[in-house]
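For reference, the structure discussed in these notes is given below.
The values are calculated or read from the model by the stated rules, or taken from the named source; none is laboratory data. Treat the numbers as computed from the prediction; the structure is a model and nothing was measured. We place every Cβ from the backbone using ideal geometry, glycine too, and count neighbours over all the protein chains shown.
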Amino acid sequence: MLRDDDSPERKVEKLQRINSVLIERIDRLEESRGSAWSVFQAAVALEQEVLARTRQLEKAMADLSQRNRELAVARTNAEEANRSKTRFLRAASHDLLQPLSAARLFLSALTDTPMDDGQRELTQRLSDAFESVEQLMNAVLDISRLDSHRIEFHRQPVSVNELFRRLATEYAPLAEAKELRLTFVPTDVVVESDPVFLRRIAQNLVSNAIKYTNRGGVLVGIRKRGPMGWLQVHDTGVGIPAVDRNRIFDEFQRLSHDAATPGMGLGLSIVRRACNKLGHPIRLESEAMRGTTFRVGLPLIDAQVQPRRSDPPEHSLLALRGRVALVVENDAGMQRGYEMILRDRLGMIPRLTGSTEEALASMTDDPPDVIVADYSLENGDTGLRAIRSLREKAGQDLPAVMVTAHRDPGVNRGCAALGVPVLAKPVRPAELSEILGQLLG
């Protein structure tokens, strides 16, 4: 502050200091104003950048929404195509397998007649051709079922020894034809699985082992490991190279392209699908030119709940002699085939009918000993209706077996409710006689 008594020099000095402070303050204000302006400019630029990015994001979101709509439409179309395929196979399976089933019955009856060497060779070649067609059709139907979201499994106790007995009967001729040893190790193990698909898994593994083994043999057994029983199929075949151990589980994949080796390369694909659906782990060990071992893990259960073992085939067949079998089948070819097998091979007395009404009309005072009914009859009639009606008229639960080409959970549920076993087409006479023997033995 200036005072009157200050000298001019002192006043000038003070004024200079005040001026310096003022100038410094002005400079700071200028700097502050410049910094604020820079911040303002940066904020404006950032806002413009945000707006640009927002517009780009909105466009990307719109494109993504469009892609999602297109994918949803494509997925819907694919699912509908898959459902259409399944419906077609389900509807066509009966018409496709019906003539094949009748032909197998006729061929089986033919093998029971006297033949010379040339006729036997022709019969064997026909049998092999039918076997190939049947395996291919069953494989396609199995894959269709396993790929369907509607598939239902019926888990229950399964006697491994009984499974081995049926496999030994089925595959012994194939192994003998190649001069191979086919050995099933006896066991009292009981596992939990779907018996139909477990058998398909084992069938494909055993068939595949025999197919790719030219000398030595095939050994089938089960080994306990903690809570699991590992079904093992070991062969002394060509082995599987390491580079091929993943692709062999894909469709139409074969280790050999030799025309003499049968099959379409679908067996292991079915095995993997079925194991994945059932939750059964599968393992593969192989060494080139030394053989291959497939292992499938199955949950063990208490042997006390072991299912009833079937009677020996010889004893069962004796129990069929002279017994009356009421056949409900609308196809004339199948009727004739049943007649020849039931009468000529099994010694039974067949009564042939084509509908529930005909079957009821044929009922006399003495009901039949067993009913053999086809599921698909005419005009909406079904084998389930026939069995229910015949049992009601007889006043008792007559033994019955359902024959069907439909791989439909609804059919299986209906048969299970009636306590009726299901026999899939094409009908094998050996399986038919075994089931009839179990029902009447």
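Residues in the range 370-382 include at least one that is modelled with pLDDT under 90, in a strand (DSSP E or B) and crowded, with 17+ Cβ neighbours inside 10 Å. Looking at 235, 188, 142, just one residue is buried (at least 17 other Cβ atoms within 10 Å of the Cβ) and at pLDDT 85 or above, and that residue is 235. Of all residues in the range 390-418, exactly one satisfies the criterion of being at pLDDT 90 or above and farther than 23 Å from residue 438 by Cα, namely 393.
In the range 200-212, what residues are β-branched (Val, Ile, Thr), surrounded by 22 or more Cβ atoms within 10 Å (Cβ to Cβ) and out of contact with any Cys (no Cβ under 7 Å at 6 or more places or on another chain)?
Residues of the range 200-212 β-branched (Val, Ile, Thr): 201, 206, 210.
Next, only the ones that are surrounded by 22 or more Cβ atoms within 10 Å (Cβ to Cβ) stay: 201, 206.
Selection gives 206 alone.
Filtering the range 392-441 to residues that are assigned to a helix (DSSP H, G or I) and more than 22 Å from residue 322 (Cβ to Cβ) leaves 392, 393, 409, 410, 411, 412, 413, 414, 415, 416, 417, 418. Considered as a group, the residues in the range 395-416 that are touching a helix residue (DSSP H, G or I) at 6+ places or on another chain (Cβ under 7 Å) and farther than 26 Å from residue 366 by Cα include one that is surrounded by the fewest Cβ atoms within 10 Å (Cβ to Cβ), and that residue is 408. Quick check, is residue 168 without any contact (Cβ under 8 Å) to a residue 12 or more places away in the chain and part of a helix (DSSP H, G or I)? So residue 168 does not fit the description; no. Taking the criterion of being part of a loop (DSSP other than H, G, I, E, B), hydrophobic (A, V, I, L, M, F, W, C) and in contact (Cβ under 8 Å) with a residue 60 or more places away in the chain, the only residue of the range 176-227 that qualifies is 189. The condition of being among the β-branched types (Val, Ile, Thr) and either at pLDDT below 80 or surrounded by 15 or more Cβ atoms within 10 Å (Cβ to Cβ) (or both) does not hold for residue 169. For the range 96-114, state whether one or more residues are loosely packed, with under 10 Cβ neighbours inside 10 Å and either modelled with pLDDT of 70 or more or not charged (D, E, K, R) (or both). Within the range 96-114 (the criterion being loosely packed, with under 10 Cβ neighbours inside 10 Å and either modelled with pLDDT of 70 or more or not charged (D, E, K, R) (or both)), the answer is yes, since at least one residue qualifies. The criterion of being surrounded by fewer than 22 Cβ atoms within 10 Å (Cβ to Cβ), under 24 Å from residue 162 (Cα atoms), touching an Asp or Glu at 6+ places or on another chain (Cβ under 9 Å) and not aliphatic (A, V, I, L, M) holds for residue 419.
This table checks each residue for (1) of a type in the set (Val, Ile, Thr); (2) modelled with pLDDT of 80 or more; (3) in contact with a helix residue (DSSP H, G or I) (Cβ under 8 Å, 6 or more places away or on another chain); (4) farther than 26 Å from residue 362 by Cβ.
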site	(1), (2), (3), (4)
282	yes, yes, yes, yes
292	yes, yes, yes, yes
301	yes, yes, no, yes
309	no, no, yes, yes
314	no, no, no, yes
319	no, no, yes, no
323	no, yes, yes, no
